[in-house]
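Since the structure comes first, as structure tokens, the remarks are kept for the end.
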Amino acid sequence: MINLLLFVLFLATGNAGHRVHGIQRTLKEDLDGQNSIYNPKVHTTDQISASRLWVENADNKIEFGWHVAPKLYGNDGTYTYASWTVVHQDFHLGSLVNPTSIYGGVIMEFSIAISQDPVTKNWWLNIDNEGFGYFPATLFSNLGSANKVGWGGYSITPPGTTSPQTGSGYFPDDDFEHSCYFRYMSFQDSARQDFGPKTDMVDKTNDKSNCYGVDFYGDQKGEVGISMQFGGPGGN
């Protein structure tokens with residue numbers, strides 16, 4: 001079961017058993033945001049809880065973020081994830097992220113982005129403005145540009161089990177020391193101009209509202225800019 005929490009022109013396509021929470025937007029080459037990092041609790045080794053941003057076009061999709069996936073790593077730590085071609089010598093996907101954020105306390109975050117090289121058309125993954133790996137353009141049949149982008153999270157749990165936490169394990173409340181967030185959200189158009197999603201450009205999906213929440217706040221300026229929160233305690 002996949003549980004989805006998504007933001008920005010997103011169409012929920014999860015299979016039975018998944019939950020998604022998030023937001024999507026269309027027709028972009030570059031996508032970024034500063035994402036708070038947590039260690040949501042999962043109940044079984046078959047569960048996954050994740051935060052990600054993504055670009056897609058039809059059947060082609062690139063995701064990038066962090067997740068808790070005990071079956072993959074053998075423990076319940078928080079790890080970076082995506083598929084990629086590695087070029088960075090000091091950082092790689094699957095790296096343990098530690099420490100993570102504390103509810104109401106110290107917040108750990110990184111700036112993550114998916115961007116397209118205008119010459120090679122390769123899709124690069126970036127952390128804190130440094131590229132460390134890429135998807136070669138030849139991997140994709142129709143991802144010369146993206147027709148959807150998004151920010152959010154999801155969880156995966158076997159049927160009949162209690163859904164795990166996502167994000168910080170708490171519902172959005174517009175307090176950026178409480179719920180998992182993306183701030184300074186932005187994307188680029190084909191002319192390489194940066195701008196952020198407006199409220200009327202956005203759609204959001206939450207297919208398990210009693211377990212999770214997702215809120216888009218628009219431009220709050222100051223320390224968060226264009227921002228969103230998602231997450232929750234999970235449950236049945």
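The values are calculated or read from the model by the stated rules, or taken from the named source; none is laboratory data. What you see is a predicted model; the values in this text were computed from it and never measured. In this analysis, Cβ positions are derived from the backbone assuming ideal geometry, glycine residues included, and neighbour counts consider all displayed protein chains. These area figures cover heavy atoms from the full protein model, side chains too; ligands, DNA and RNA do not enter into them. Shrake-Rupley method; radii C 1.70, N 1.55, O 1.52, S 1.80 Å.
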Practice problem: For the range 153-208, enumerate the residues that are basic (K, R) and within 18 Å of the chain's Cα centre (by Cα). | Solution: R183, K204, K208
Practice problem: Read through the list (1) open to solvent by less than 30 Å² (accessible area, probe 1.4 Å); (2) part of a strand (DSSP E or B); (3) out of contact with any Pro (no Cβ under 7 Å at 6 or more places or on another chain); (4) touching a residue at least 24 places away in the same chain (Cβ under 8 Å), then give the number of the only condition that Y134 fails. | Solution: (1)
Self-check item: Which numbered condition S209 misses (of (1) over 28 Å from D30 (Cβ atoms); (2) polar (S, T, N, Q); (3) part of a strand (DSSP E or B))
Solution: (3)
Self-check item: the range 188-214 residues that are touching a residue at least 40 places away in the same chain (Cβ under 8 Å) and at positive phi, paired with ones that are assigned to a loop (DSSP other than H, G, I, E, B) and crowded, with 16+ Cβ neighbours inside 10 Å (beta carbon under 9 Å, 6 or more apart)
Solution: R192/E29
Quiz item: Do the conditions hold for T157, that is, is it polar (S, T, N, Q) and open to solvent by less than 40 Å² (accessible area, probe 1.4 Å)?
Solution: yes
Self-check item: Test result for P118, assigned to a loop (DSSP other than H, G, I, E, B), touching a residue at least 40 places away in the same chain (Cβ under 8 Å) and open to solvent by less than 70 Å² (accessible area, probe 1.4 Å)
Solution: no
Quiz item: Of all residues in the range 121-131 being within 30 Å of G232 (Cα to Cα) and without any contact (Cβ under 8 Å) to a residue 60 or more places away in the chain, which is surrounded by the fewest Cβ atoms within 10 Å (Cβ to Cβ)?
Solution: N129
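This table checks each residue for (1) over 23 Å from M228 (Cα atoms); (2) part of a loop (DSSP other than H, G, I, E, B); (3) open to solvent by 70 Å² or more (accessible area, probe 1.4 Å); (4) free of Cβ contacts under 8 Å to residues at least 12 places away in the same chain.
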position: H88; (1), (2), (3), (4): yes, yes, no, no
position: F91; (1), (2), (3), (4): yes, yes, no, no
position: P99; (1), (2), (3), (4): no, yes, yes, yes
position: I107; (1), (2), (3), (4): no, yes, no, no
position: I112; (1), (2), (3), (4): no, no, no, no
Quiz item: Which of the residues that make up the range 179-199 are surrounded by fewer than 20 Cβ atoms within 10 Å (Cβ to Cβ) and part of a loop (DSSP other than H, G, I, E, B)?
Solution: D189, S190, A191, R192, Q193, G196, K198
Exercise. Mind counting the residues in the range 31-86 that are closer than 30 Å to S141 by Cβ, outside any strand (DSSP E or B) and aromatic (F, W, Y)?
Key: 1
Quiz item: Pick from D189, D173, D194: which is among the acidic types (D, E), modelled with pLDDT of 90 or more and out of contact with any helix residue (DSSP H, G or I) (no Cβ under 6 Å at 6 or more places or on another chain)?
Solution: D173
Quiz item: If Q165 satisfies every condition in (1) in contact with a His (Cβ under 6 Å, 6 or more places away or on another chain); (2) crowded, with 21+ Cβ neighbours inside 10 Å; (3) not small (G, A, S) but one, which is the exception?
Solution: (1)
